[in-house]
1. From the set of residues in the stretch 35-65 that are among the acidic types (D, E) and in contact (Cβ under 8 Å) with a residue 40 or more places away in the chain, which is farthest from Q144 (Cα to Cα)?
2. Would you confirm whether any residue within the stretch 33-44 is more than 18 Å from the chain's Cα centre (by Cα) and within 19 Å of L121 (Cβ to Cβ)?
3. Tell me whether the stretch 31-52 contains one or more residues that are surrounded by fewer than 16 Cβ atoms within 10 Å (Cβ to Cβ), at pLDDT below 95 and assigned to a loop (DSSP other than H, G, I, E, B).
4. Go through the stretch 75-96 residue by residue and tally those that are within 16 Å of ligand 2 (Cβ to nearest atom) and either open to solvent by less than 60 Å² (accessible area, probe 1.4 Å) or among the small types (G, A, S) (or both).
5. Quick one: would you say Q164 is closer than 19 Å to S111 by Cα, out of contact with any strand residue (DSSP E or B) (no Cβ under 7 Å at 6 or more places or on another chain) and open to solvent by 40 Å² or more (accessible area, probe 1.4 Å)?
6. Got a sec? Which of R244, R216, R277, R207 is of a type in the set (K, R) and open to solvent by less than 50 Å² (accessible area, probe 1.4 Å)?
7. What pairs come up if the first residue lies in the stretch 255-272 and is of a type outside the set (D, E), the second is part of a loop (DSSP other than H, G, I, E, B) and open to solvent by 40 Å² or more (accessible area, probe 1.4 Å), and their beta carbons are under 8 Å apart, counting only those six or more places apart or on different chains?
8. Please go through the stretch 153-194 and pick out each residue that is small (G, A, S), more than 15 Å from ligand 1 (Cβ to nearest atom) and in a helix (DSSP H, G or I).
Amino acid sequence: RVKERGRGNFGFYQPEMNANLLARMQLEHAMRQALGRNDMQVHFQPQIDTASGAIVAAEALLRWTDDELGPISPATFIPIAEDTGYIITLGAWVLEQSVKEAARWMRGGHSLVVSVNVSALELRQPDFVERIARVLQEAQLPAQLLELELTESMLLQDAEEAAQRLQALAELGIALAIDDFGTGYSSLAYLKNLPIHKLKIDQSFVRGLPDDEGDRAIVSAIIHLGQALKLNVVAEGVETEAQRASLQTLQCSHYQGYLCSAAMAPADFAHWLSGQRPAVLEAD
Ligand code: C2E
Ligand code: MG
Ligand code: MG
Ligand code: MG
């Protein structure tokens, strides 16, 4: 039935293409209603000190469960939000929720960095820095407790404008992390020119630890690069104790992954946090 409707609307397309386009449009439509229906939530995944097991930060990850469609992965809906511009609305909401939540952790005695994913289109908004400063101010959260995750490709688009904006963020005291490090097409020059504080080793390189020689060489090289440039390094997607032990041997300071925990709903995270030792802030 869906296909027939599609065929009427877009006469010359192939039926499969119709179905895809229609599914995408339906998803976009549902996504635009989701915030108003309370169907979205920001979850938090711990980042852990590899050697001591202490929590050092938490990454904010957006979750969406639609009444009819069920849970929908960010890998599915974030690209649609980016293509349609709706990421501006979503990103602003995620930032606000994350900063408010981090302010609660802080009042509870856990001064924990909250790390928020940022899309290219958001960074390009002329009022991006101003807006972040306002959100921090309203929530009474020190800028030192906010980190933004960017990808390598974002730093190549409008490089000069991006550099200015990152400089302004760093001057506020906000830390900047490179997400999925090693998977983008980019030169490494930006690492010496831009105020970057952290590299997040992509999970595709972590998966093969400890046995895969290629993965081990790449992970080790990224860790050494981070040490030489005085950057924190976090390994993503750590699922096993063998992977964690391997990272400790390679002197990777921090990790994130199901071995510790998946992302948790705010109440679950707060409960989990209350059982942890108070975090010691990372020294930059
Ligand atoms: P990311 O920022 O690289 O986030 C890490 C992803 O790895 C998350 O997937 C997380 O749930 C998953 N993960 C964590 N530990 C493990 C593990 O041990 N094993 C495996 N297999 N996976 C693990 P998620 O939440 O599905 O998000 C996917 C991507 O969607 C994120 O990748 C990020 O690029 C994007 N995303 C999520 N939330 C937001 C948001 O609020 N704003 C923006 N712009 N993008 C977001
Ligand atoms: Mg991330
Ligand atoms: Mg990543
Ligand atoms: Mg990513």
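The values are calculated or read from the model by the stated rules, or taken from the named source; none is laboratory data. The shown structure was predicted, so the numbers you read here are calculated from the model rather than taken from an experiment. Cβ sites come from the backbone with ideal geometry, for glycine too, and all protein chains shown count toward neighbours. For accessibility, only protein heavy atoms count, side chains too; no ligands or nucleic acids. Shrake-Rupley method; radii C 1.70, N 1.55, O 1.52, S 1.80 Å.
1. Once the filter is applied, the top-ranked residue is D49.
2. yes
3. yes
4. Looking only at that region, the number is 10.
5. So Q164 does not fit the description; no.
6. R244
7. Listed pairs, sorted by first residue: G257/E239; Y258/E239; L259/E239; L259/T240; A270/G108.
8. A159, A162, A163, A168, A170
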